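The values are calculated or read from the model by the stated rules, or taken from the named source; none is laboratory data. In this text the structure is predicted, and so the values were computed from the model without any measurement. Neighbour counts are summed over all protein chains in view; Cβ atoms, including those assigned to glycine, are modelled from backbone coordinates with ideal geometry.
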Amino acid sequence: MVATRTAVVVVGAGPAGLTLANLLRRAGIACVLLEEQSRAFIEQRPRAGFIEEWAVRGLEERGLGEQLVAKAPRHEKFEFRFAGRRHTFNYGHVTGQRHFVYPQQLLVTDLVAQYTGEAVFEVSDVRLHDLTSASPAVTFRTAGGEHRIDCDFVAGCDGARGVTQGHFPAESTVKAHHDYGIGWLALLAEAPPSADGVLFGIHPRGFGAHMARTPDVTRFYLQTAEGETEADWPDERVWEELQARLAVPDGPITEGRLIEKRILDMHNYVVEPMSHGRLHLAGESAHLVAPIAAKGMNLALHDAFLLADAFQAHYAGDPSRLAGYSAACLPLVWQYQEFSLWLSDVFHQTAATAENPFLARIAEARMRRLLGSPAAAAAFAELYIGSNADL
Ligand SMILES: Cc1cc2nc3c(=O)[nH]c(=O)nc-3n(C[C@H](O)[C@H](O)[C@H](O)COP(=O)(O)OP(=O)(O)OC[C@H]3O[C@@H](n4cnc5c(N)ncnc54)[C@H](O)[C@@H]3O)c2cc1C
């Protein structure tokens, strides 16, 4: 067993772990980044695309956003397609804020390139030890053998399927969970976008969405029934439903080869508190928010900023920021969870006409209010573009 020592072991090289590791390194705090996948794999894994302006500015202020700011197109409006008509919603006009559209794998690639500290890829069997002592440790395997790193802290940034969350004691941890009872079929198509930005189709057949990603690739989503799998969605059915759910008289959807077809379970959870002993969670290891409102990566960045600040304060002699880390993160987590739940009702309930006409009509009433009332539109815009304001 090869044994070493560092200040912070960061488990997971997603947006949360990479941002944190970069910030620690820049602050002169020793850290080791552990990732179970290869570098090539994480630099190609497509997931998020929409980053909120406050998060982009947060990266930029910390010296991590140069490529993103230089290259990412800005989006400040989207289109609802409802009752066969287009309704443009210009949230940038209302809030002065925009989304930056930058595929997650590009941000990950930038953050890996900027990180000058030690990173170990393709690790397995990551285990955490002595988390409530002053000197915890992390053990893991690589192709070269077994390793142990003694450290001051562990940052659990290993996402929703990681191992760090499992070290939280059941008796002092609440894992609040919500299941939407539906799925989303996430699709990537080699097809030029059919519109500049985002289209949300609110339709009795179910929700459908279009998101421009690059000049040649478009992301689509389709609401699916609980229990459906990818096998229930041959390409012909995918295009038939996208054309129907996003239909307007003059706006057909451009079709292309489907290069990703994946059912996402639509559920959310929050682990409270986000710290246990010397282990602090950041990002999806602590809270999952289904991609309904494109909030997950933004929250992961928020946690990483706060955790980096707290570690810096700790090493400068102030332990209070680390003690208050979880309480500092959770208000925004719950604001974004609440908005995702609300938006889910608007997006998905019009499809409930057959089994629950009451809820379908409620969803339609909400849509009409959103499109007809400037005050309702302003409140919606503020939540949709998001903010790290302390609410
Ligand atoms: C289709 C889709 C679209 C999305 N769109 C958006 C969007 O537009 N905007 C937005 O804000 N969010 C979006 N999200 C959510 C966003 O992708 C996630 O919230 C984000 O990836 C979370 O970052 P993270 O660093 O917490 O976790 P992850 O990105 O999951 O990173 C965790 C890392 O830990 C590694 N790991 C796991 N287990 C271990 C282990 N045992 N040991 C070592 N390493 C381990 C994983 O390989 C991974 O690299 C979307 C998600 C999906 C699925």
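Listed values, structure above:
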{"quantity": "Test result for Val138, within 16 Å of the ligand (Cβ to nearest atom), farther than 30 Å from Ala212 by Cα and more than 21 Å from the chain's Cα centre (by Cα)", "calculated": "yes"}
{"quantity": "Number of the condition not met by Arg86 [criteria: (1) crowded, with 22+ Cβ neighbours inside 10 Å; (2) away from the ligand (no atom under 12 Å from the Cβ)]", "calculated": "(1)"}
{"quantity": "Count of region 1-36 residues which are touching a residue at least 60 places away in the same chain (Cβ under 8 Å) and over 25 Å from Val101 (Cα atoms)", "calculated": "22"}
{"quantity": "Entirely in region 107-156, the strands (runs of 3 or more DSSP E) that have 1 or more residues that are over 15 Å from Ala13 (Cα atoms) and free of Cβ contacts under 8 Å to residues at least 24 places away in the same chain", "calculated": "124-129, 137-142"}
{"quantity": "Given (1) of a type in the set (A, V, I, L, M, F, W, C); (2) more than 26 Å from Gly386 (Cβ to Cβ); (3) touching a Ser or Thr at 6+ places or on another chain (Cβ under 8 Å); (4) surrounded by fewer than 20 Cβ atoms within 10 Å (Cβ to Cβ), number of the condition Trp54 does not satisfy", "calculated": "(2)"}
{"quantity": "Residues being free of Cβ contacts under 8 Å to residues at least 24 places away in the same chain and under 27 Å from Gly12 (Cβ atoms) - total across region 71-100", "calculated": "0"}
{"quantity": "Residue among Val10, Val32, Val69 that is crowded, with 19+ Cβ neighbours inside 10 Å, out of contact with any Ser or Thr (no Cβ under 7 Å at 6 or more places or on another chain) and either at pLDDT 95 or above or part of a strand (DSSP E or B) (or both)", "calculated": "Val10"}
{"quantity": "Members of region 326-370 that are over 20 Å from Ala381 (Cβ atoms), in a helix (DSSP H, G or I) and among the aliphatic types (A, V, I, L, M)", "calculated": "Ala327, Ala328, Leu330, Val333, Ala351, Ala352, Leu359, Ala360, Ile362"}
{"quantity": "Count of residues meeting criterion [touching a residue at least 40 places away in the same chain (Cβ under 8 Å), within 10 Å of the ligand (Cβ to nearest atom), out of contact with any Leu (no Cβ under 6 Å at 6 or more places or on another chain) and assigned to a helix (DSSP H, G or I)] in region 40-60", "calculated": "1"}
{"quantity": "Strands (runs of 3 or more DSSP E) wholly inside region 165-214 containing at least 1 residues that are under 19 Å from Gly227 (Cα atoms) and among the charged types (D, E, K, R)", "calculated": "174-190"}
